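The values are calculated or read from the model by the stated rules, or taken from the named source; none is laboratory data. A quick note: this is a predicted structure, and the numbers were derived from the prediction, not measured. Methodologically, a virtual Cβ is constructed for each residue, glycine included, from the backbone with ideal geometry; neighbour enumeration extends over all protein chains shown. Calculation scope for accessible area: heavy atoms of the full protein, side chains included, ligands and nucleic acids excluded. Shrake-Rupley method; radii C 1.70, N 1.55, O 1.52, S 1.80 Å.
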Amino acid sequence: FNRMDKKLKVAVVGAGPAGACAAYYLAKEGHDVCVYDKENKPGGRTLGYEDERIRLDTGAGFFTNFYPFLKQLVREIGIESEVVPIERRVGLRHKDTLAEFEFGDLSTFFKLPFISWYDKMVMIWQTIGLTLKRPWLDIGDPGSLSVFDDESIAVWARKHMTENVYQYCIRPGVEPFWYFSCEEVSRAITTVLQGRSADVQFYTFRNGMSRISEALLNNIDFNGGVSVSSISLENGKYELVSDHSLGHFDAVVMATPATISKNIISNNLLPDYLIEFMHSQEYVANVHAAYLVDAND
């Protein structure tokens, strides 16, 4: 869009971080942007749960120091003072043995009782190798990761490390925080995560991760509580429909899971390979259980 001289009227469907970021930069280029989301507030999968007693991040709950673009963006929109450092820990249990592992703290790794010293040396060797490749690994650049897009995390970890390392280091470092299964996801992302594990730092926003979306949409037309049901093209304009017509637009940005997009976009709007891709994607819902306990306990 930024190479176009003409001012466009653009609809963005989805007000999570992706949709909010797209809307922010489109508006910055001078386009007329309208954002729609089924929820009343921006945030998408970063929206949390809140009542009079507690606030919980039930979706994405943190960001890390290996997202340089996000760091720059936070500074640009003026919410740097709201960034709060946090610790990320997991509790591990095998039979009657309990252990705690904290990311970025090597002492907790060396104390893990479930894996042998051989397992630990294998893990360290692999981590050193990926750390050396770090300058060429960018989690935001699929091109740089494509060479690693050849097998799942589970297959790769079991082949190049050990079963214990996979069960007690790799899986706990991926599945509780990234919300996908090691059996189903490409090992490409793990190359970045493991390569940054030695100095990883975690952050959130003081009022929850949805704050980034709220700040990005601060001066943009946001329409919450609107479920877009269909998009069609007529006379060079895209019409968005909810329970009524939302208007006609020069362009549309879809920032929703593929499972939602495929039910909204008419098949004649996209090439066959994109339609096939959308229909091949599965959305994984998450279940969170939270317990309130007395502070003294």
Exercise for review: Using a 1.4 Å probe and ignoring any ligands, DNA or RNA, find the accessible area of L233 and quote it in Å² to the nearest 10.
Suggested key: 90 Å²
Practice item. Please find, in a Gaussian network model of the chain (springs between Cα atoms separated by less than 10 Å), the residue of H31, H94, H160 whose mean-square fluctuation is greatest. Key: H94
Study note, to complete from the structure: With all protein chains in place and a 1.4 Å probe, C34 shows an accessible area in Å² (nearest 10) of 10 Å²
Point to revise | Solvent-accessible area per residue, Å², over region 155-297 with all protein chains present [probe radius 1.4 Å] | key: 56 Å²
Check your understanding: Hey, any idea what % of the chain's accessible area is carbon plus sulfur with a 1.4 Å probe?
Key -> 51 percent
Study note, to complete from the structure: Rh (Kirkwood, all Cα-Cα pairs) for region 109-230, Å, reads 16.8 Å
**Study point:** Residues F110 and D150, FRET efficiency given R0 of 25 Å [Cβ-Cβ distance, rounded to 0.05]
**Key:** 0.20
Review point. For region 32-79, what number results from the quotient of the Cα radius of gyration and 2.2 N^0.38 Å?
Key: 1.44
Study note, to complete from the structure: The simple spin-label model distance between K28 and E76, using points 7 Å out along Cα→Cβ, in nm, is 0.2 nm
Check your understanding: Going from the alpha-carbon gyration tensor of the chain, what semi-axes, largest first and in whole Å, does one get by taking the root of 5 times each eigenvalue?
Key -> 38, 23, 19
Practice item. Please identify, among R206, R55, R88, the residue showing maximal mean-square fluctuation in a Gaussian network model of the chain using a 10 angstrom Cα cutoff. Key: R55
Study note, to complete from the structure: Applying the gyration tensor rule to the Cα atoms of region 46-197 (axes a ≥ b ≥ c; rounded if a/c under 1.5, else prolate if a/b exceeds b/c, else oblate), the class is oblate
Exercise for review: Springs between alpha-carbon atoms under 10 Å, Gaussian network over the chain: tell me which of Q167, Q72, Q194 tops the mean-square fluctuations.
Suggested key: Q72
Revision key, fill the gap. The chain: relative contact order from alpha carbon pairs under 8 Å, six or more residues apart, as a whole percent, is 28 percent
Check your understanding: How many percent of all Cα-Cα pairs in region 1-105 sit more than 15 Å apart?
Key -> 75 percent
Exercise for review: In Å³ and rounded to a whole number, note down the convex hull volume per residue for the Cα atoms of region 203-277.
Suggested key: 132 Å³
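For n ≥ 4 DSSP H runs only, could you compute -39500 (n - 2.57) per run for the chain, divide by its residues and tell me the 222 nm figure to the nearest 500?
So the calculated ellipticity at 222 nm is -8500 deg cm²/dmol.
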Study note, to complete from the structure: With every protein chain in place, the accessible area of S81 for a 1.4 Å probe, in Å² rounded to the nearest 10, comes to 90 Å²
Check your understanding: How large is the convex hull of the Cα atoms of region 132-175 per residue, expressed in Å³ as a whole number?
Key -> 95 Å³
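Please state the shape class of region 110-161: rounded when a/c is under 1.5, otherwise prolate if a/b exceeds b/c and oblate if not, all from the C-alpha gyration tensor.
Prolate, since a/c reaches 1.5 and a/b exceeds b/c.
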